[in-house]
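The values are calculated or read from the model by the stated rules, or taken from the named source; none is laboratory data. In this text, all values refer to a predicted model and were calculated from it rather than measured experimentally. Note that each Cβ is placed from the backbone with ideal geometry, even for glycine, and that neighbours are counted across all protein chains shown. Keep in mind that these areas ignore ligands, DNA and RNA; they rest on the heavy atoms of the full protein, side chains included. Shrake-Rupley method; radii C 1.70, N 1.55, O 1.52, S 1.80 Å.
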Amino acid sequence: MITGVVKFSGRFGYASPIPYLDNSSNPQWLSDVLEQMPCSARKEDEYVLTADGDTMISFSSLPNRANVLVVKVTPNIGLPPSPANPDGVLAQPNPLTVKLTGGAGSQQGITIDGFMCLFSAGVPYTAMSIARTPGVQSTVRVQLFSFGS
């Protein structure tokens, strides 16, 4: 039973601001992106990480484990300018460590700062944990999709 289709689409491009100074063999590149997969289950949660260490992400409602993972870290905002701090206070960076276990291998850690989207049609992810930068509160939205038709 299909509950929907996961789609990731858009355009990826690169162009050097000064082409003749770019030493790469491909100084300009443009590619359309369209990845899609039918899914039989979907799960979405938001986590506020207030303690250091790993937070396990439950895959319990996904019958076939997760084939698509989307992780979005909400940026820290900092403090606006005030009489005491005329330039404001910059936010601490809040990269996140995502640890994944899949059917083809052992746990691997990936550091992200912002956004991550992974598609794996044939080999699903079976376990996942997230961890904040030590001492930096982070808000993270995680979406999981299970392949199926």
Checklist outcome for this item: Quick shape summary for the chain, equivalent ellipsoid via Cα gyration tensor, semi-axes whole Å in descending order, reads 30, 26, 15
Next on the checklist: Among G13, F59, N85, whose Cα projects farthest towards the positive end of the dipole of the chain, with charges put on the beta-carbon of Lys, Arg (+1) and Asp, Glu (-1)?
Outcome noted: F59
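Between S61 and S9, what FRET efficiency comes out of the Förster formula 1/(1 + (r/R0)^6) with R0 = 30 Å and r the beta carbon distance, rounded to 0.05? Can you show the working numbers first?
On the way: r = 26 Å, r/R0 = 0.87.
Efficiency, from the Cβ-Cβ distance: 0.70.
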Next on the checklist: Leaving out ligands, DNA and RNA, and with a 1.4 Å probe, what % of the accessible surface on the chain is carbon or sulfur?
Outcome noted: 55
Checklist entry - By how many nm would the segment from T50 to T139 lengthen if fully extended, with 0.36 nm per residue of separation less the alpha-carbon distance? => result 31.2 nm
Item to check | Amide H contacts of C39 (H built 1.01 Å from N, under 5 Å, at least 5 apart or other chain) | outcome: T3, G4, V5, V6, G148
Item to check | Directionally averaged shadow of region 61-149, computed from the convex hull of its alpha-carbon atoms, nm² | outcome: 7.1
Checklist outcome for this item: The percentage of Cα-Cα pairs in region 104-149 separated by more than 15 Å is 55
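Please calculate how many Å² of accessible area the chain carries per residue, with a 1.4 Å probe and no DNA, RNA or ligand atoms counted.
Numbers: 9280 Å² over 149 residues.
So the chain comes to 62 Å² accessible per residue, rounded to a whole number.
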Item to check | Spacing of the two label points (7 Å from each Cα toward its C-beta) at N85 and V33, in nm | outcome: 3.3
